[in-house]
Amino acid sequence: MRRDVFQAIADPSRRAIIGLIALQAMTPNALAEHFDTSRQAISKHLKILTECQIVKQDPQGREIYYKLETAKMKEIDEWLEQFRQIWENRFNELDQVLLTIKTIEK
Amino acid sequence: MKNNELVDFSIDKENNTVNVKRVFAAPISNVWAAWIERELLDQWWAPKPWKSKTKSMDFKVGGRRLYAMVGPEGEEHWAIADYTVISPKTNFKYLDAFCDSDGNITEDFPRSDWNVDFTESGNTTIVYVTIKHENLSDLETIIEMGFKEGFTMTLNELANIFLSNQI
């Protein structure tokens, strides 16, 4: 199933998982130790993240490690960044306008 | 760059909303005025180098703002805001749409639902903007329609500030 990348970051647990595996590749068991939820819940999040192509499986011996697809994350970040920029720029302008309103009122 | 308050920006995929929060160092009546008076709104609504040009604005429930985002080459992207709810100095809501210069709505593009909340906190005012879209791919289209070229310049300039601001 193909999913879009925003599903990956919509859920707080998935954002936390992304944050953890950004530091180092981890197995589902190692990840589960960081959360109160079940190992099954972690697996479900990992499945979604894999389908979003945010993470990639990296089998090492009997263990499956999950690691970040940094190119995909960069894509999201750049995309979000454009929106944040729009609002940053817009509100910086608003700051200037508010300064002039203050002057008018004095 | 001045020591400005940062925008708290997030996307809620489950609800198809974009959430923006920002603190302004100004009384609520001034911040409110900047959103509802066309002369003030036009001064900040379009991010540089684009300019906002309001053709008509009737800020009341059932009223409409018709405006253009004018690019550096003179290109115009027209849009409307149809005000649906107004609680002075507290909240207003509107439906936006792309349109032509006479306000005829571009039907093949879904409208989004805007909610703007104002809260006073000491000497500052907090503004919360929530934009509800039918789906998030609309957002990409919005960028492509209006802002892409205009922002490339400022993007490069400001990118450094946000390098540390990862998800």
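Looking at segment A:25-81 only, could you name the residues that are closer than 18 Å to A:D11 by Cα, at pLDDT below 90 and of a type in the set (S, T, N, Q)?
Within segment A:25-81, A:T37, A:S38, A:Q53 qualify.
Test B:E37 against the stated conditions and say whether it is away from chain A (no Cβ under 14 Å) and over 13 Å from the mean Cα position of the chain (by Cα).
Here the answer is no, as B:E37 does not meet what is asked.
Which condition from (1) under 30 Å from A:E81 (Cβ atoms); (2) at pLDDT 90 or above is the one that B:P72 breaks?
That leaves (2) as the condition not met.
Please count how many residues of segment A:33-58 are in a helix (DSSP H, G or I) and closer than 26 Å to B:S10 by Cα. Talk me through it step by step, then tell me what you get.
Taking segment A:33-58 first, the residues in a helix (DSSP H, G or I) are A:39-51.
Within this subset, residues satisfying the condition of being closer than 26 Å to B:S10 by Cα are A:41-51.
Residues in segment A:33-58 being in a helix (DSSP H, G or I) and closer than 26 Å to B:S10 by Cα: 11 in total.
Just to check your reading of the model, which residue among B:I36, B:I11, B:I28 is crowded, with 20+ Cβ neighbours inside 10 Å and among the β-branched types (V, I, T)?
On inspection, the qualifying residue turns out to be B:I11.
Quick grid of which residues meet (1) farther than 20 Å from B:E134 by Cα; (2) among the hydroxyl-bearing types (S, T, Y); (3) within 9 Å of another protein chain (Cβ to nearest Cβ); (4) free of Cβ contacts under 8 Å to residues at least 12 places away in the same chain:
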site	(1), (2), (3), (4)
B:V18	no, no, yes, no
B:V23	yes, no, no, no
B:D42	yes, no, no, no
B:S101	yes, yes, no, no
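Looking only at segment B:39-70, which residues are of a type in the set (F, W, Y) and over 18 Å from B:L95 (Cα atoms)?
Scanning segment B:39-70 gives B:W44, B:W50.
Anything in segment B:10-48 that is more than 26 Å from B:A68 (Cβ to Cβ) and acidic (D, E)? List them, or say none.
Residues satisfying the conditions are B:D12, B:E14.
Please report, ordered by residue number, the strands (runs of 3 or more DSSP E) entirely within segment B:1-106 with at least 2 residues that are β-branched (V, I, T).
Counting at least 2 such residues, we get B:17-24, B:76-87.
The values are calculated or read from the model by the stated rules, or taken from the named source; none is laboratory data. What you see is a predicted model; the values in this text were computed from it and never measured. Glycine also receives a Cβ, built like all others from the backbone with ideal geometry; neighbour counts cover every protein chain displayed.
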